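The values are calculated or read from the model by the stated rules, or taken from the named source; none is laboratory data. Note that the structure is a prediction, hence the values are computed from the model and not measured. Using ideal geometry, Cβ is built from the backbone for each residue, glycine included, and neighbour counts are taken over all protein chains shown.
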Amino acid sequence: MKKLLALLIFTAPLVNAQYSVKGTMTPPEKSDQIALYKIEGAKQDYVAFTNIKLDTVNINGSQQVLGKFNFDLGENAKPGAYRAVYRTRGAGFVDFFFNNENIEFIFNPKYPDQSVLFTSSRENKLYSEYLQAYNAVQKKIDSLQASYIETEDKEAKKAYKKEIKELEDIQKNFENKSEGMLVNSFIKASRRYNSYNPHDNIKDYLSATNENFFEYVDFKNEDLYNSSFLIDRINDYVFYLNYSDDREVQQKLIKESIENVMKKISSDKLEKAVTYYLISALTDKRNGPLVDWMFEEYFDELPAKDQDAEFKKEKLDVLLATVGRTAPDFSWEENGQKLKLSTLNDGEKYLLVFWSTGCPHCVKEIPELYKFMQTHKEVSVISFGIEDDAAEWTAFVKDLPEWHNAIGTHPDYKFDNETVKKYNLLGTPTYFILDKDKKIIAMPDHEEDVEKYFNSGKNN
């Protein structure tokens, strides 16, 4: 009987493993909560949230406050890429890989990417070591490539080839070390294209980089898909690899980059994820023409089940007031007369500026703008005050004669004014330049940009 009991004890199934994710913020974030998500394609699936607890420790004789948090992952937690989010705006998150092991890390919440240090987790430690080693040598290669283009020095070429060999050894070493691990896919895909010999000129270098940017990226890999890796790489390729100060050239480069990316995608679910991501990114950049093109070329060609009508409406509503669109109409009272933007007919072009007496930048820029616009009488100016009440605004606009001065208020919050919401303002002052038909032709960022526009001859 005793033998039977012993046998039952030793052969009974073990309790399923529980794993934890522990983080330490130094210094602590202002927020007192942090949420955990699992990345699935271009989406984040909520997993849990927990409190950030403050802890005071003595380091070298001085008291230091840390923020600590802990997530307990259940027995059914799936391996993959996870994200701990402590701030909804900016870089307020830490990404990591979970593959059935405890994870601990320390980071500065102001600079999470640059500061995160994994103190527990074989997978994350190895990937961090790889990136550090690889990027250090890649930086030398980039420097030697730039030096060779400038000087064509034989020693630079020799040193370049030596570093290429070093980089290949690092890549091979970490691919071998990570065999069978989750991060193996990411180590393979993080490899950059480098030619065996340095390029003679910048044109050839950029062309080769562009052509081979995704050389080591497997778009069919499920691990890459269920992480931020593919989207981050696509974002870098589309928006940062090629740049031009000329808006028309830049638009062409972005379009060509998107076309190249889409040609590499064979999976319906990835095509949907990338399409939605790029439309959202272009909407955030207020790039109306390319958003329209994305909807026409890619979104509308998705299977019907993948076309979210609400998503499309939401993005197009954001872009009601962007370059290429007719400025949303509104009306105002002026000298006892009701005027409308759409029927205004007193300028060769129009400058529409949204501002507020409660905005220090506006109070400084508007008088400067008024003085400058006196030199461009052919341009009709409509100033739209976003105000809590009319008193201060009324006094201010007495110094802005000859302008059309309109005001928008709201009983709860001035930025909820109907006209203000149509223009989806990101701040004040905000400028729109319209042609004679009220089509938006430019959106200068600052008052000096308005001056540059009209002084450049574009007003002819």
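How many residues does segment 41-53 hold that are under 17 Å from residue 222 (Cα atoms) and buried (at least 16 other Cβ atoms within 10 Å of the Cβ)?
Residues meeting the conditions: 3.
State which residue is farthest from residue 438 (Cα to Cα) when the search covers only segment 341-362 and only residues that are at pLDDT 95 or above and among the hydrophobic types (A, V, I, L, M, F, W, C). Out of the qualifying residues, it is 355. Please tell me if residue 144 is touching a helix residue (DSSP H, G or I) at 6+ places or on another chain (Cβ under 6 Å) and farther than 26 Å from residue 185 by Cα. Answer is yes for this residue.
Looking at 196, 240, which is the one that is under 23 Å from residue 94 (Cα atoms), among the aromatic types (Phe, Trp, Tyr) and surrounded by fewer than 18 Cβ atoms within 10 Å (Cβ to Cβ)?
From the options 196, 240, the qualifying one is 240.
Do you know which of the residues in segment 173-182 that are part of a loop (DSSP other than H, G, I, E, B) and touching an Asp or Glu at 6+ places or on another chain (Cβ under 9 Å) is farthest from residue 81 (Cα to Cα)?
Residue satisfying both the conditions and the ranking: 178.
In segment 25-49, the qualifying residues are those that are free of Cβ contacts under 8 Å to residues at least 40 places away in the same chain and in a loop (DSSP other than H, G, I, E, B), and the one that is nearest to the chain's Cα centre (by Cα) is 30. Inside segment 345-357, can you point out the residues that are loosely packed, with under 15 Cβ neighbours inside 10 Å and either of a type in the set (Lys, Arg) or in contact (Cβ under 8 Å) with a residue 24 or more places away in the chain (or both)? If the condition is that a residue be loosely packed, with under 15 Cβ neighbours inside 10 Å and either of a type in the set (Lys, Arg) or in contact (Cβ under 8 Å) with a residue 24 or more places away in the chain (or both), then 346, 348 are the ones that fit.
Looking only at residues of segment 70-79 that are assigned to a strand (DSSP E or B) and surrounded by fewer than 18 Cβ atoms within 10 Å (Cβ to Cβ), we find that the one that is nearest to the chain's Cα centre (by Cα) is 70.
Okay, residues lined up against (1) over 30 Å from residue 451 (Cβ atoms); (2) of a type outside the set (Val, Ile, Thr); (3) out of contact with any Cys (no Cβ under 7 Å at 6 or more places or on another chain); (4) not assigned by TED's automatic domain parsing to the domain that holds residue 258:
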position: 288; (1), (2), (3), (4): no, yes, yes, yes
position: 325; (1), (2), (3), (4): no, yes, yes, yes
position: 336; (1), (2), (3), (4): yes, yes, yes, yes
position: 345; (1), (2), (3), (4): no, yes, yes, yes
position: 354; (1), (2), (3), (4): no, yes, yes, yes
position: 359; (1), (2), (3), (4): no, yes, yes, yes
position: 363; (1), (2), (3), (4): no, no, yes, yes
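Tell me which residues, restricted to segment 419-437, are in contact with a Lys or Arg (Cβ under 9 Å, 6 or more places away or on another chain) and either over 21 Å from residue 316 (Cβ atoms) or at pLDDT below 95 (or both).
If the condition is that a residue be in contact with a Lys or Arg (Cβ under 9 Å, 6 or more places away or on another chain) and either over 21 Å from residue 316 (Cβ atoms) or at pLDDT below 95 (or both), then 420, 424, 426, 433, 435, 436 are the ones that fit.
Matching residues to (1) touching a residue at least 12 places away in the same chain (Cβ under 8 Å); (2) surrounded by fewer than 14 Cβ atoms within 10 Å (Cβ to Cβ); (3) touching a Leu at 6+ places or on another chain (Cβ under 7 Å); (4) among the basic types (Lys, Arg):
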position: 89; (1), (2), (3), (4): no, yes, no, yes
position: 93; (1), (2), (3), (4): yes, no, no, no
position: 106; (1), (2), (3), (4): yes, no, yes, no
position: 114; (1), (2), (3), (4): no, yes, no, no
position: 121; (1), (2), (3), (4): yes, no, no, no
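Scanning segment 192-206 for any residue that is hydrophobic (A, V, I, L, M, F, W, C) and under 27 Å from the mean Cα position of the chain (by Cα) turns up at least one such residue.
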